[in-house]
1. Based on the Cβ-Cβ distance of Glu145 and Leu57, what FRET efficiency does E = 1/(1 + (r/R0)^6) give at R0 = 35 Å, to the nearest 0.05?
2. What is the calculated FRET efficiency for Ser20 to Ala180, with r their C-beta to C-beta distance and R₀ = 41 Å, to the nearest 0.05?
3. Using 0.36 nm times the number of residues separating Asp78 and Arg195, minus their current alpha carbon distance, what extension gain do you get?
4. May I have the pair-distance distribution P(r) for the range 1-144, computed from all Cα-Cα distances with 10 Å bins from 0 and rounded to whole percent?
5. Taking 0.36 nm per residue of sequence separation and subtracting the Cα-Cα distance, how much length would be gained by fully extending the chain between Ala287 and Thr162, in nm to one decimal?
6. Run the simple label-point estimate for Glu220 and Arg48 please: 7 Å along Cα→C-beta, distance reported in nm.
7. Below 8 Å, C-alpha to C-alpha, sequence gap of six or more: please give me the relative contact order for the chain in percent.
8. Which ³J(HN,Hα) values in Hz, rounded to whole numbers, follow from the phi angles of the range 76-89 under the Karplus curve 6.51 cos²θ - 1.76 cosθ + 1.60, where θ = phi - 60° and Gly and Pro get x?
Amino acid sequence: MDRPAKSGEAQTVLGPVAASALGVTMVHEHLLIDLTCLFTEPADGSERDLARQPVGLSNLSWIRRFWNSNLDNLRLDDEAVMIEEAMQYRRQGGATVVEVSNIGLGRDPEGIRRIARATGLHVVMGSGCYVAPSHPPDMDSRTVEQIEEEIVRDITVGVGDTGIRAGIIGELGCSWPITANERKVLQAGARAQRRTGAPLSIHIGRHEDSPLEIMACLREAGADLGRTIMSHMDRIWPPLDKLKTLARAGCGIGLDTFGQETWMYPFGGADRLSDAQRVDLIKILVAEGFDRQVLVSHDVGYKHRLSSYGGSGLAHVLSTVIPYVMRRKGVEDERINQFLVTNPARYIAFA
């Protein structure tokens, strides 16, 4: 249907869909992405050749330790591979993917639409800008109003001349501490949300105070926090009082790095939750009365995360986490349906 989404609908790359029809939804994924803005040359000169090799069995162990130091690992650009990855998710019962690759991440509207058509999945596409290293060269001179207009056009008209509309504002990228240009993007995103009714998705900085700083900026700019997803909360696991502050404001709590179980984190620290600990955090949120805010996903954005390259893939929550972790830890099916179906539908629907 050649029209923007209305209230109560999600906007997919193939047109509006009733939020009630979205089914099982992963709220933070990447089907096509270019993360080379994060490339880090290996510090050890003897490993420089590894940076430019294709991902394979011979270098996979090294890449799992140094995600951002291999250029091939930083790109998901093979549509055939990604169609198969997405089909594994669909065969497990998945129905919707929120694809949050946006400006700075190699967003490919036509490629995403081809994947949606090939798989039969509902795919929601992102808008806005990622973290500062990925920003356009003229970002310093861009105004909040100019960024806002670009987001609004993506949602109401379509990206560029493709006519393919974005359905979520995000993932809006934030560093720690937040940069001036990232703050402009947040302000523009909040203003665009007010004008379009679109949902917001935020890539938080790597510090326990980052989500509250972001929330304050969004609130000041007039964002609807009840339709704002704070992504990657399981990456920082802030103290409970800070989590409760976010949840009480209505923010969605994105526990969206399921399958990232590693002792080596390439962003200044090695402490990462296991999937079992992520489920423990979900249980804490439920016990505190914030079950309506829980959202789960994988944030697959690197080749080594794909099942085709030895990773857990896009079907991991459905094929492994639910039967072998959630149910083992006593999470009821009613709750699981809430995390995968009911909550995403509420946060992704247009107001």
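Read-outs throughout are calculated quantities, based only on the coordinates presented, and are distinct from any laboratory measurement. Here the structure is a predicted model, which means the values were calculated and not measured. Here the Cβ is made from the backbone with ideal geometry for all residues, glycine too, and neighbour counts use every protein chain on show.
1. Values: r = 50 Å, r/R0 = 1.44.
Efficiency, rounded to the nearest 0.05: 0.10.
2. Working: r = 41 Å, r/R0 = 0.99.
Rounded to the nearest 0.05, the efficiency is 0.50.
3. Values: separation 117, 0.36 × 117 = 42.12 nm, distance 3.52 nm.
Full-extension gain reported as 38.6 nm.
4. 11, 33, 31, 19, 6, 1
5. Details: separation 125, 0.36 × 125 = 45.00 nm, distance 4.55 nm.
Contour length minus the Cα-Cα distance gives 40.4 nm.
6. My value for the distance between the label points is 4.5 nm.
7. Working: 753 pairs, mean separation 75.8, N = 351.
Worked out over the chain, it gives 22 percent.
8. 10, 9, 9, 4, 4, 4, 6, 5, 5, 4, 5, 5, 4, 5
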